[in-house]
Amino acid sequence: MTTTIDGSASVTINSGAILGITSGTAVASTSGTSIDFTSIPSWVKRITVMLIGVSTSTNVPNVSLQIGSGSVEATGYVGSSARITNTPAAAWDSVLTTMFQIGGLNVNTDTLSGTAILSLAGSNIWTLTGNTFRSSGTTPAINFFSGTKTTSGALDRLRITTTNGTDTFDAGSINILYE
Amino acid sequence: MTHRIEVNVETGVTTQVEYTAEEQAAYDAAVAQQAAEQAAAEEAARLEAQPPAQG
């Protein structure tokens, strides 16, 4: 049997969940100290965060991801990131409990592109995995990262920021998919 | 003023949210601290690079 649903952009079931993958709104990461995606529906079980050519203005911090319920949470993160590059061959970022690190920028002309995937493992328990590519004249790199974090309630927001919290974004765009 | 970008995924509306006075004060303090740490690191590197005194 084949069921065809025609004329609708999405299908919503009784729980309010939308079947299929929903795209957020792409936002230019060309200003501000963070990019927040809010009002993420409570039925969401997986979120894909996409960075395209993201850059920061001054320092050389790591770009980071935080999640939360009602507000962005800055505790309870378990995870880290590392990278493979040509100089040195590999590097390890320190373990932070305040955020997920999703890629380091070597100089302020670097850009970061790639994907971070958040998956709901249990009651408000989220896991993270992903890779980003750092474009850099002499030291391009592949960053990889993973971790877990339990939010205080149903996840409804995420934030892309920097580890120092003070740098501003100056290039690129960011979007999410959720399902 | 410093700001963040906020995207409401339900409505698709993107807004620029200015820091509150409290957030701005914390931000300014963090920037000052980072500048001080950077200056201290540069000074330590400069002293380390100096040749030892003769005599």
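Key figures
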read-out	value
Criterion violated by residue A:52 - all others in (1) within 14 Å of chain B (Cβ to nearest Cβ); (2) in contact (Cβ under 8 Å) with a residue 60 or more places away in the chain; (3) among the aliphatic types (A, V, I, L, M) satisfied	(1)
Test for residue B:34: is it at the interface with chain A (Cβ under 9 Å from one of its Cβ atoms) and loosely packed, with under 13 Cβ neighbours inside 10 Å	no
Matching option when the condition is in a helix (DSSP H, G or I) and surrounded by 11 or more Cβ atoms within 10 Å (Cβ to Cβ), among B:48, B:23	B:23
Yes/no for residue A:81 being within 15 Å of the chain's Cα centre (by Cα), within 27 Å of residue A:138 (Cβ to Cβ) and small (Gly, Ala, Ser)	yes
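Residues checked against (1) out of contact with any helix residue (DSSP H, G or I) (no Cβ under 6 Å at 6 or more places or on another chain); (2) closer than 29 Å to residue A:123 by Cβ; (3) in contact (Cβ under 8 Å) with a residue 60 or more places away in the chain:
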residue: A:16; (1), (2), (3): yes, yes, no
residue: A:36; (1), (2), (3): yes, yes, yes
residue: A:57; (1), (2), (3): yes, no, yes
residue: A:61; (1), (2), (3): yes, no, yes
residue: A:70; (1), (2), (3): yes, yes, yes
residue: A:83; (1), (2), (3): yes, no, yes
residue: A:89; (1), (2), (3): yes, no, no
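Yes/no per residue for (1) of a type in the set (Asp, Glu); (2) more than 13 Å from the chain's Cα centre (by Cα); (3) closer than 24 Å to residue A:25 by Cα; (4) within 14 Å of another protein chain (Cβ to nearest Cβ):
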| site | (1), (2), (3), (4) |
| --- | --- |
| A:86 | no, yes, no, no |
| A:94 | no, yes, no, no |
| A:98 | no, yes, no, yes |
| A:103 | no, no, yes, no |
| A:116 | no, no, yes, no |
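Every read-out reported here was derived from the displayed coordinates using simple, explicitly stated rules and does not represent laboratory data. Everything numeric in this text was worked out from a predicted model, so none of it was measured. Using ideal geometry, Cβ is built from the backbone for each residue, glycine included, and neighbour counts are taken over all protein chains shown.
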